[in-house]
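In what follows, a single structure is set out as structure tokens and then discussed.
The values are calculated or read from the model by the stated rules, or taken from the named source; none is laboratory data. The structure presented is a predicted model; accordingly, all values stated were derived computationally and were not measured. Neighbour counts run over all protein chains shown; Cβ positions are idealised from the backbone, glycine included.
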Amino acid sequence: MSEISFIAKIYDTSYNNAVQLSNMQMDGDTDNLVRATENLLNHAEYKKFLNDRGITDDAIKQYKLGYAGDGILYPVILNGIQVDTRTYDPHANKDAGETKIRSRKNAKALLFPYDDWVNDDRPTLLTAGENDTILARIKGFIAVETTLGEGSIPKLLINKFKGRKVYITYDCDEAGRKLVV
């Protein structure tokens with residue numbers, strides 16, 4: 001079996017989707033994530049920002065949130081392999097066209113936190129953002145979010161929803177009301 005065929009089997013997806021997943025693997029190692037998490041835990045402003053919203057230091061460590069100079073990092077990890085990083089800038093000026101959260105260039109819609117979700121078959125909350133997802137998980141729910149926002153479909157991983165009961169719990173803002181199913 002080829003590497004791509006193996007990836008297709010693991011993710012229950014097509015060969016073409018497996019090629020895309022294979023190409024998404026980021027360079028780097030777990031030491032970078034550990035350092036970024038330590039940086040966030042030592043960044044008083046961003047740590048307070050998360051803690052004030054109910055995201056504990058333990059959750060920061062569990063989901064490997066970090067800081068590398070341009071915002072709060074949310075690594076997107078599939079089977080232990082980092083394939084994207086979402087960067088949240090709480091200071092973004094929406095009026096100036098700055099985005100609050102962004103993925104790497106040419107990112108595909110994926111699931112956060114995939115590894116914590118994929119093997120848990122309890123009903124799932126599909127939430128609207130990384131922070132909402134982490135908060136739901138802290139409260140004992142099984143939650144996941146699509147990394148490109150409400151209504152985005154994680155086509156590369158869509159088969160992982162087969163047979164699951166999913167509750168869509170998007171925000172009641174404009175983006176949340178434009179649900180595309």
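Computed values, structure above
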quantity	calculated
Test: residue in region 94-106 that is part of a strand (DSSP E or B), at pLDDT 85 or above and among the polar types (S, T, N, Q)	no
Complete set of residues in region 50-78 that are in contact (Cβ under 8 Å) with a residue 60 or more places away in the chain and closer than 21 Å to Asn93 by Cβ	Leu50, Arg53
Top-ranked residue in region 108-160 [being of a type in the set (Val, Ile, Thr) and either under 19 Å from Ile81 (Cα atoms) or assigned to a loop (DSSP other than H, G, I, E, B) (or both); ranked as modelled with the lowest pLDDT]	Ile153
Positions within region 161-181 being at pLDDT below 60 and assigned to a loop (DSSP other than H, G, I, E, B), in sequence order	Leu179, Val180, Val181
Residue list for region 58-80, filter: exposed (fewer than 14 other Cβ atoms within 10 Å of the Cβ) and either in a helix (DSSP H, G or I) or under 15 Å from the mean Cα position of the chain (by Cα) (or both)	Asp58, Asn79, Gly80
Check on Arg137, within 27 Å of Asn32 (Cβ to Cβ) and out of contact with any Cys (no Cβ under 8 Å at 6 or more places or on another chain)	yes
